[in-house]
Every structure is written in structure tokens, then in C-alpha cells.
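A short write-up of the structure that comes next.
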Amino acid sequence: MSEGEEVLLYVYDVSAGVAASLSPALLGRKIDGIWHTAIVVYGKEYYFGSGGIGVAIPGSVVGEPLEKIKLGVTYIPFQVFEEYVNGLAESEFRGDAYHILKHNCNNFSDALSNFLVGTGIPAHILSLPDEIINTPFGATIRPLIEQFATNSPVLDRIRRDISPEFLQLNSDIEAARNEISNGYRMSESAEVTTEVDPSVQLAQNLAEAERKEREERRKNREPPIVFKDAVDVHIEFDALVGLIDGKLNEEEQQSLEELHQYMLQDEGSWALGDSFLVFIGRLLTDKTLGDEVSVRCLNVLSAAALKDDVILMLHQDRKQHILMNYAYEVDRLPLPQQKGITLFICNLFENSGSSEWLLYISEWPFNNTQISNIRVTTKVAVNAVLSEDEEMRDRGTAIIYNLATKEVKTVVFDDVAVELTMAILQFLNGTPAEAQLFRCLKSLAQFCQISAQDVPQLIQMIGPHPSKFKGQSERNDQLIEEISKRLR
């Protein structure tokens with residue numbers, strides 16, 4: 001195993017000492033600083049502001065940090081990390097998602113830290129905005145923070161399949177170009193003829209080619225299979241309200257109102273408070289409320305999974321893992337709850353941000369075992385496809401299809417492709433409908449590419465051979481031929 005990459009948290013005081021000086025008088029206690037943070041790993045500094053995610057040479061954006069905190073060592077390959085950050089940049093950490101209190105640079109650093117080393121950044125940094133900004137002192141310091149977030153430079157996004165060395169070269173080119181520009185700036189009356197540095201032009205051309213390739217891949221990507229009409233959110237929400245009427249405390253009643261605003265009034269996920277997922281956790285697990293409450297709650301969540309900003313709700317669960325801990329025990333739940341959690345997971349593939357979230361590989365402990373989002377997603381899929389219930393099997397084959405056709409790096413799937421393949425082969429011992437067979441064959445074809453040795457061997461050893469299903473449809477026959485070429 002490689003020695004790994006050190007992960008550092010760079011901590012800056014955006015008040016430049018003002019917080020430490022004024023806070024005793026204005027707040028009644030000393031605040032050491034107003035913190036901006038960034039993650040430094042793979043030789044680069046990653047940060048978030050109102051312009052989105054930026055990447056730079058460490059210390060080149062704000063200056064020297066006040067503190068460098070070692071968060072741990074990561075063994076995640078750079079390309080996997082690159083895919084992850086690109087997904088964040090297009091979903092929960094877009095520039096327009098920035099919020100000075102609820103979704104800022106420190107939340108971004110916390111997300112990266114959890115992904116890379118499995119733990120978040122220090123709690124006192126995350127909790128500072130709620131403690132400070134809404135006070136008189138916060139009113140004094142807030143313009144400074146907003147100016148910082150707005151003016152922080154955002155450099156080129158991480159580029160897919162480009163190494164840290166190339167990023168370093170590109171940054172060096174940019175720095176050299178700026179130095180040349182500053183060194184040879186002449187008076188306004190002088191006429192200057194400059195030629196574009198070939199290295200700079202090459203970097204720009206590569207960036208543009210990469211952007212076009214990314215757009216082309218997105219355009220040609222297989223659309224996910226989701227179930228948009230499986231539930232009527234109005235009926236489900238009204239039924240849920242009737243079941244829990246009079247059983248909630250004041251804080252839970254507020255969370256219920258937030259759910260109403262988000263699902264029925266089409267408010268953004270910003271409407272969901274910090275205690276929202278704790279409330280959802282009670283609805284799912286509190287037996288005193290009755291089993292139907294958890295079913296109705298899951299159905300509402302399944303409708304929420306289709307919303308393009310659901311990733312922000314999922315992001316709230318990065319520490320307690322309420323949703324995925326519940327989903328991990330899917331095989332112990334009654335059938336109605338199994339159907340609900342399977343529908344929820346399947347519908348999360350509707351948007352790129354939430355589908356990337358399902359594939360996160362960072363682990364956490366649960367019931368004496370280490371689990372991760374991809375492990376939970378896999379377990380839900382396998383449980384569904386091997387169910388005796390037809391609706392479960394339909395949703396299970398959809399999840400496996402969505403997993404197989406999702407554009408991800410091989411390393412993410414190597415440890416689950418075999419498990420999913422075995423589930424598919426067991427499912428194919430029955431008599432699947434044409435649509436379900438297509439999903440399974442498409443998945444097997446993809447898994448044969450991902451795990452080029454193990455998956456073909458499994459198909460040959462366990463069976464059934466894909467040729468058994470020849471003649472059902474043209475699209476399935478094409479997949480059967482493709483898979484058969486992989487078998488020795």
C-alpha cells in the first residue's frame with residue numbers, strides 16, 4: 001500500500017485580528033478569530049466561496065494561514081478525489097449554493113475531510129457562525145466576511161483525468177504570465193505588442209477540450225431509471241400529518257412545517273433546519289408512533305429525492321448518518337419499509353449530486369462494522385433484487401442498472417461489482433420481464449469491463465449463460481453478444 005497523502009486544514013482569520021480585539025467588548029467573551037478554512041491535499045489548496053469551488057497553490061489565495069491542522073492521511077486515489085470534487089462543484093457546492101451561515105467554506109472543508117479521512121474538521125470552527133453572526137458583534141464583522149467570500153479568487157476547476165503535476169504546471173504558467181505582465185507593464189502612451197506564450201495557449205486549449213469532452217459525456221450518458229409517479233406527495237404528507245398529530249414537541253412541529261415548505265410549497269432545501277434529520281430519524285425509528293408513520297415518511301423522502309437540491313439535505317447527514325444507518329438494516333425491516341427505502345435510494349439517482357453521494361466510499365462505524373454510502377446502496381440493491389416481491393425486484397434492478405451505468409472511476413466499484421454480479425445471476429435463474437432483463441444484461445456488460453477477470457469467471461461458473469435469454473428482444477440480443485465475447 002502506498003504511504004498515502006497527508007491532509008491538512010488551513011485555518012485563516014478573515015477578521016485579521018479584529019475579532020480578538022473587539023469581541024470582549026461587543027460580545028462579552030473573547031473570540032480568537034472568524035475562521036475561513038481550506039483543505040490542502042495532493043499539493044493543492046481546495047476552498048469554497050460565493051464563486052464556487054477553487055483550487056490553488058497552498059497559501060496563494062489568502063496568504064499564510066494562522067494555523068495548519070493535520071487531519072490525517074488519505075489513501076484515496078487522486079482521480080477518485082477529483083471525480084468527487086467535480087461532482088460537488090456541480091451540485092451542493094455550486095457558487096449559488098453558498099450561504100454565509102449554513103453552507104460556507106467550513107462546511108466544504110468538513111465534507112472533504114470526511115471524504116478523505118473519515119472525520120470532520122474541529123467542531124469549534126463549524127459552530128462559530130451560529131454563535132457569532134447573529135450577535136451585535138456579528139453585525140459589525142459580517143460585511144468583512146461577505147466581502148472576503150465574494151472577492152476570493154476562484155481558479156480553474158479540477159480537471160478530470162489530469163494529474164496534480166499538470167495542475168502545478170498550469171498554475172506555474174499562470175504565475176509566470178502574471179509576473180511577465182506586471183514586470184513589463186508600460187505607460188499608457190506606449191505601444192506594446194505581445195505574443196501569447198505557447199505554454200499558456202496549450203493549457204487553455206487543453207482546458208477547453210476537456211470541457212467539451214465532459215459535456216459530450218454528460219450528453220451521451222445513460223439516463224437513470226427512477227420512479228417519479230410512484231407516490232403522490234400530497235396524499236403521503238397529509239397522511240403523515242394525521243398519524244403524528246399531537247405527538248410532536250415544539251421543535252419537531254417546526255421540522256414538520258419545514259418539510260411542508262420544502263415538499264408542498266416548493267421552498268429550497270435551505271428551509272430545512274439543523275434538527276430536521278433528527279426529526280426524520282424519529283419518524284423512521286420510533287415504534288411508539290406506529291409502523292405506518294415510517295412508511296409515509298419514506299414515501300415523502302422518495303419524492304424529495306427527485307428534487308435537484310436534495311443533496312443539501314443529504315449533506316446535513318454527514319455526521320450522524322441517520323438515513324444510511326436506517327437503510328443499512330433494510331433486510332430487517334417489514335416489506336412496506338423495505339419498499340420505501342428502496343424507492344428512496346433509486347430516486348436519488350435522478351440528479352448527479354445525490355447519485356454521487358450514494359457512491360461515497362468514506363466509512364464510519366455502525367453496529368460493530370464499517371459501512372459507507374456505496375456499501376449501503378449495494379446492500380439495498382441486492383436485498384431488493386433478491387426479494388420475492390415483484391415491485392421490490394423492479395426497483396432493485398433499476399438501482400443496479402443506475403449503479404452500473406453511472407460514470408465513475410473503476411476503483412469505486414471494484415469491491416462491489418462481484419457482489420452485484422452474484423445477485424444478478426441469482427435473479428436470472430427466474431423468468432425476468434424484458435425490461436428487467438435488459439437492466440441486468442446492461443449491468444453485467446458494464447461489470448465485465450469494470451472487473452474484467454472476476455465477473456466473466458463468475459458468469460461462467462455460476463450461470464446462467466446469457467445466451468439462455470436470446471431472442472427476447474434486439475437490444476437484449478446485442479448485450480448478450482457483448483457479454484459472450486468477454487467469456488472465455
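The values are calculated or read from the model by the stated rules, or taken from the named source; none is laboratory data. Everything numeric in this text was worked out from a predicted model, so none of it was measured. We place every Cβ from the backbone using ideal geometry, glycine too, and count neighbours over all the protein chains shown. The accessibility values were calculated without ligands, DNA or RNA, using every heavy atom of the protein model including side chains. Shrake-Rupley method; radii C 1.70, N 1.55, O 1.52, S 1.80 Å.
Looking at (1) open to solvent by 30 Å² or more (accessible area, probe 1.4 Å); (2) at pLDDT 90 or above, can you tell me which one Tyr47 breaks?
Here Tyr47 clears every test but (1).
Looking at (1) open to solvent by 80 Å² or more (accessible area, probe 1.4 Å); (2) more than 16 Å from Ala381 (Cβ to Cβ), can you tell me which one Ile483 breaks?
Of the numbered conditions (1) open to solvent by 80 Å² or more (accessible area, probe 1.4 Å); (2) more than 16 Å from Ala381 (Cβ to Cβ), the odd one out for Ile483 is (1).
Restricting the stretch 325-347 to residues that are out of contact with any helix residue (DSSP H, G or I) (no Cβ under 7 Å at 6 or more places or on another chain) and among the charged types (D, E, K, R), which is nearest to Thr405 (Cα to Cα)?
Glu329
With respect to Ser269, is the statement that it is open to solvent by 10 Å² or more (accessible area, probe 1.4 Å), closer than 30 Å to Glu90 by Cβ, hydroxyl-bearing (Ser, Thr, Tyr) and out of contact with any Gly (no Cβ under 9 Å at 6 or more places or on another chain) true?
Numbers: open to solvent by 10 Å² or more (accessible area, probe 1.4 Å): no; closer than 30 Å to Glu90 by Cβ: yes; hydroxyl-bearing (Ser, Thr, Tyr): yes; out of contact with any Gly (no Cβ under 9 Å at 6 or more places or on another chain): yes.
When the stated conditions are applied, Ser269 does not pass them.
Only one of these conditions is not met by Glu474: (1) in contact with a Cys (Cβ under 8 Å, 6 or more places away or on another chain); (2) open to solvent by 10 Å² or more (accessible area, probe 1.4 Å). Which number is it?
(1)
Within the stretch 448-462, can you find the residues that are polar (S, T, N, Q) and open to solvent by 30 Å² or more (accessible area, probe 1.4 Å)?
Of everything in the stretch 448-462, those that are polar (S, T, N, Q) and open to solvent by 30 Å² or more (accessible area, probe 1.4 Å) turn out to be Gln449, Gln453, Gln457, Gln460.
With the checklist (1) part of a loop (DSSP other than H, G, I, E, B); (2) touching a helix residue (DSSP H, G or I) at 6+ places or on another chain (Cβ under 8 Å); (3) closer than 30 Å to Ala435 by Cβ in hand, flag the one item Asp229 doesn't pass.
(2)
Go through (1) open to solvent by less than 30 Å² (accessible area, probe 1.4 Å); (2) under 18 Å from Arg318 (Cβ atoms) one by one and return the number of the condition Met263 breaks.
The single condition Met263 does not satisfy is (2).
Go over the candidates Asp232, Asp317, Asp286, Asp291 one by one and state the one that is under 30 Å from His99 (Cα atoms) and out of contact with any strand residue (DSSP E or B) (no Cβ under 8 Å at 6 or more places or on another chain).
Asp317
Restricted to the stretch 85-102, and to residues that are aliphatic (A, V, I, L, M) and under 12 Å from the mean Cα position of the chain (by Cα), which residue is surrounded by the most Cβ atoms within 10 Å (Cβ to Cβ)?
Leu88
How many residues are small (Gly, Ala, Ser) and part of a helix (DSSP H, G or I) if we restrict to the stretch 434-479?
Number of matching residues: 4.
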